[in-house]
């Protein structure tokens, strides 16, 4: 299994599970939890969630999925920007831990940058780490200039979670190299795109057909082609979970990568950080 090494030396699977849009309908929650458990069975033991997702509903689904299996899971959640400092962060973390039915997070991320100074967020994160409520902290949707603003505290940042897929390659110009130079992984959310337009692309379909896989599997394998990237697709259907897991074994050939570069050119200049 392909792994990614965090700055503290911890190994995590390069392919995890996302939970955006889970927990939104109570009637779907049992099936969503079963899908996540299947993913655990298949080795996708990193689960990413957030207090924002269904206003805590996704965290409750994750709790159900982890029941009796917490020690298998590398658990990631994210804090709203307006909660990302001082007592607010501590209280938000407490609510997330309660919903997740656990006493700690393996990684806690600032979901995106808001009005609270990054220094305040780091101070609160470090207090929670010292208290054992989180084992690591990181960020999400932050670009190079934001990371540089962290100054010496950047050494304590375990990961940056950003939008990354064939249609959103801007990070390859500067953010991805910046993080690789520092041994800090990027977590790719929406790795197979949003809305389905990517999966209808003719070039991607041709690459997938050459390997006898789905376009989603080919797109997912593309995000896993290089070091330092953790991909977190969301799947609530058992067949999709199995397909995601199988994408770990897919190695795209140079001609595949060239065809995808022609269809989705890599960046040649700085671009604004794409976000969903």
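The values are calculated or read from the model by the stated rules, or taken from the named source; none is laboratory data. Treat the numbers as computed from the prediction; the structure is a model and nothing was measured. Note that we place each Cβ from the backbone using ideal geometry, even for glycine, and neighbour counts take in every protein chain shown.
So which of 56, 39 is more than 22 Å from residue 129 (Cα to Cα) and surrounded by 14 or more Cβ atoms within 10 Å (Cβ to Cβ)?
Being more than 22 Å from residue 129 (Cα to Cα) and surrounded by 14 or more Cβ atoms within 10 Å (Cβ to Cβ) holds for just one of 56, 39, which is 39.
Quick one: which residue in 199, 176 is at pLDDT 95 or above, closer than 17 Å to residue 265 by Cβ and not in a strand (DSSP E or B)?
Answer to the selection: 176.
Which is over 21 Å from the mean Cα position of the chain (by Cα), closer than 27 Å to residue 143 by Cβ and at pLDDT 95 or above, of 224, 273, 257?
257
Go through the residues of segment 70-91 one by one and say whether even a single one is within 30 Å of residue 151 (Cα to Cα) and out of contact with any helix residue (DSSP H, G or I) (no Cβ under 9 Å at 6 or more places or on another chain).
So far as segment 70-91 goes, yes, one or more of its residues are within 30 Å of residue 151 (Cα to Cα) and out of contact with any helix residue (DSSP H, G or I) (no Cβ under 9 Å at 6 or more places or on another chain).
What residue, among those in segment 1-19 that are in contact (Cβ under 8 Å) with a residue 40 or more places away in the chain and over 21 Å from residue 69 (Cα atoms), is surrounded by the fewest Cβ atoms within 10 Å (Cβ to Cβ)?
It comes out as 8.
Is at least one residue of segment 106-123 surrounded by fewer than 18 Cβ atoms within 10 Å (Cβ to Cβ) and touching a strand residue (DSSP E or B) at 6+ places or on another chain (Cβ under 7 Å)?
No, segment 106-123 contains no residue that is surrounded by fewer than 18 Cβ atoms within 10 Å (Cβ to Cβ) and touching a strand residue (DSSP E or B) at 6+ places or on another chain (Cβ under 7 Å).
Go through 213, 241, 229 for me and flag whichever is without any contact (Cβ under 8 Å) to a residue 40 or more places away in the chain and within 29 Å of residue 21 (Cα to Cα).
Criteria check complete, one pass: 213.
Among the helices (runs of 4 or more DSSP H) contained in segment 38-130, which hold 1 or more residues that are farther than 30 Å from residue 247 by Cα and either modelled with pLDDT of 95 or more or under 20 Å from the mean Cα position of the chain (by Cα) (or both)?
The qualifying helices (runs of 4 or more DSSP H) are 86-100, 118-130.
With respect to the numbered conditions (1) in contact (Cβ under 8 Å) with a residue 24 or more places away in the chain; (2) within 30 Å of residue 102 (Cα to Cα); (3) surrounded by fewer than 17 Cβ atoms within 10 Å (Cβ to Cβ), which one is the sole condition not fulfilled by residue 157?
So the condition that residue 157 fails would be (3).
Which residues, counting only those in segment 20-34, are surrounded by 21 or more Cβ atoms within 10 Å (Cβ to Cβ) and either out of contact with any helix residue (DSSP H, G or I) (no Cβ under 6 Å at 6 or more places or on another chain) or touching a residue at least 40 places away in the same chain (Cβ under 8 Å) (or both)?
22, 32
Scan segment 179-196 for residues that are at pLDDT 95 or above, surrounded by fewer than 21 Cβ atoms within 10 Å (Cβ to Cβ) and at negative phi and jot them down.
180, 181, 182, 184 - these are the residues of segment 179-196 that are at pLDDT 95 or above, surrounded by fewer than 21 Cβ atoms within 10 Å (Cβ to Cβ) and at negative phi.
With the structure loaded, tell me whether residue 207 is assigned to a helix (DSSP H, G or I) and over 19 Å from residue 109 (Cα atoms) or whether it fails that test.
It is true that residue 207 is assigned to a helix (DSSP H, G or I) and over 19 Å from residue 109 (Cα atoms).
Within segment 215-235, work out how many residues are touching a helix residue (DSSP H, G or I) at 6+ places or on another chain (Cβ under 8 Å) and either assigned to a helix (DSSP H, G or I) or crowded, with 19+ Cβ neighbours inside 10 Å (or both).
Count: 13.
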